[in-house]
């Protein structure tokens with residue numbers, strides 16, 4: 001028993017050390033009220049530009065190779081969200097996200113596989129709509145054998161038993177389990193990859209290099225099971241996959257973003273992100289992508305859409321006030337959409353605090369589902 005306690009303490013100390021390293025030992029990254037990591041600070045310009053490559057111009061994408069990791073860039077994430085139902089029409093949302101963050105370059109003496117210059121962390125959440133419950137979890141690990149890592153030639157990323165792996169032809173297996181909440185899902189690609197921004201270069205501010213390489217698979221047919229406290233639900237529905245890598249993204253005057261992924265009943269899909277400035281205005285580098293029913297993508301500039309906040313919700317846990325209802329207009333596609341959460345309390349509050357949740361979408365004769373992410377509030 002004593003050895004187990006000592007081992008647990010050592011694990012906590014190691015993870016704490018790595019968290020401090022990733023934050024450059026600076027409390028500027030911490031939100032004062034709850035001592036959580038400020039994501040906009042992590043993605044800002046505080047980097048060693050001589051060590052990592054930056055996203056400065058469009059590149060040629062190669063799939064499935066580019067589903068894998070890009071360690072020459074400092075930060076990378078693989079983002080899965082989805083809306084699922086069982087045969088009794090119980091509705092669920094889920095999020096499974098993996099982040100890779102390099103701490104610095106390796107030296108010539110770093111010959112041991114256990115001496116890592118990378119940290120991985122992951123976020124897992126389930127929204128149980130019928131029972132109005134939201135469950136969220138996180139994991140941290142250094143990148144070492146058996147603990148955490150990612151493949152470089154195809155989609156494969158993991159921390160312990162949380163993992164995403166390539167499965168058969170253009171399919172992916174998602175598995176995650178924590179505190180008697182788990183998902184085991186098979187995702188089959190229903191549309192081709194679409195490149196966001198300028199041929200996959202997603203510019204986030206004026207400075208060259210404040211950008212990411214960003215693509216999406218906007219529609220994946222999903223089957224599998226969700227288990228909540230011993231009860232198993234056989235589910236199916238749609239998922240969305242985002243993959244980005246970069247070295248710096250946000251500018252100092254940017255405070256966060258509102259991100260929308262929308263899957264409509266006519267087989268069209270929409271991604272929009274609104275970058276917010278510290279003075280409360282919207283950054284003109286906000287943009288989006290419209291994907292038609294055949295999978296063809298069209299870039300949306302900030303002047304092509306309007307996002308109006310219609311309501312707010314205040315978290316009882318953090319006292320943060322988030323937008324909670326929106327009206328989105330895309331005039332060139334004659335779209336006016338109302339977007340609202342299936343459940344207000346979908347706040348992810350661990351090392352990072354942000355709102356990420358399943359939403360319902362309606363507008364005229366069309367309806368749909370999606371996910372919304374709100375950071376920097």
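For region 352-376, which residues satisfy the criterion of being in a loop (DSSP other than H, G, I, E, B) and buried (at least 18 other Cβ atoms within 10 Å of the Cβ)?
As a first pass, look at region 352-376 and keep what is in a loop (DSSP other than H, G, I, E, B): 364-365, 375-376.
Of everything in region 352-376, those that are in a loop (DSSP other than H, G, I, E, B) and buried (at least 18 other Cβ atoms within 10 Å of the Cβ) turn out to be 375, 376.
Can you tell me which of (1) surrounded by 19 or more Cβ atoms within 10 Å (Cβ to Cβ); (2) modelled with pLDDT under 95; (3) more than 19 Å from the chain's Cα centre (by Cα) is the one residue 210 doesn't meet?
So the condition that residue 210 fails would be (3).
In region 258-291, what count of residues is obtained for those that are in a loop (DSSP other than H, G, I, E, B) and either crowded, with 20+ Cβ neighbours inside 10 Å or in contact with a helix residue (DSSP H, G or I) (Cβ under 9 Å, 6 or more places away or on another chain) (or both)?
Step one: filter region 258-291 for residues in a loop (DSSP other than H, G, I, E, B), giving 265-268, 278-281, 283-286.
Those left that are additionally either crowded, with 20+ Cβ neighbours inside 10 Å or in contact with a helix residue (DSSP H, G or I) (Cβ under 9 Å, 6 or more places away or on another chain) (or both): 268, 283-286.
The number of residues fulfilling the criteria is 5.
Is it the case, given these coordinates, that residue 176 is assigned to a loop (DSSP other than H, G, I, E, B) and crowded, with 20+ Cβ neighbours inside 10 Å? Break it down into steps so the answer makes sense when it comes.
On the way: assigned to a loop (DSSP other than H, G, I, E, B): no; crowded, with 20+ Cβ neighbours inside 10 Å: yes.
No; evaluated as a whole, the condition is false for this residue.
What about residue 244, is it in a strand (DSSP E or B) and without any contact (Cβ under 8 Å) to a residue 24 or more places away in the chain? Please lay out each step first, then the result.
Numbers: in a strand (DSSP E or B): yes; without any contact (Cβ under 8 Å) to a residue 24 or more places away in the chain: no.
Answer is no for this residue.
Just give me the residues in region 171-184 being farther than 15 Å from residue 125 by Cα and free of Cβ contacts under 8 Å to residues at least 24 places away in the same chain, in sequence order.
Step one: of region 171-184, the residues farther than 15 Å from residue 125 by Cα are 171-173.
Scanning region 171-184 gives 171, 173.
The values are calculated or read from the model by the stated rules, or taken from the named source; none is laboratory data. A quick note: this is a predicted structure, and the numbers were derived from the prediction, not measured. No Cβ is skipped: glycine too gets one built from the backbone with ideal geometry, and neighbour counts run over all protein chains shown.
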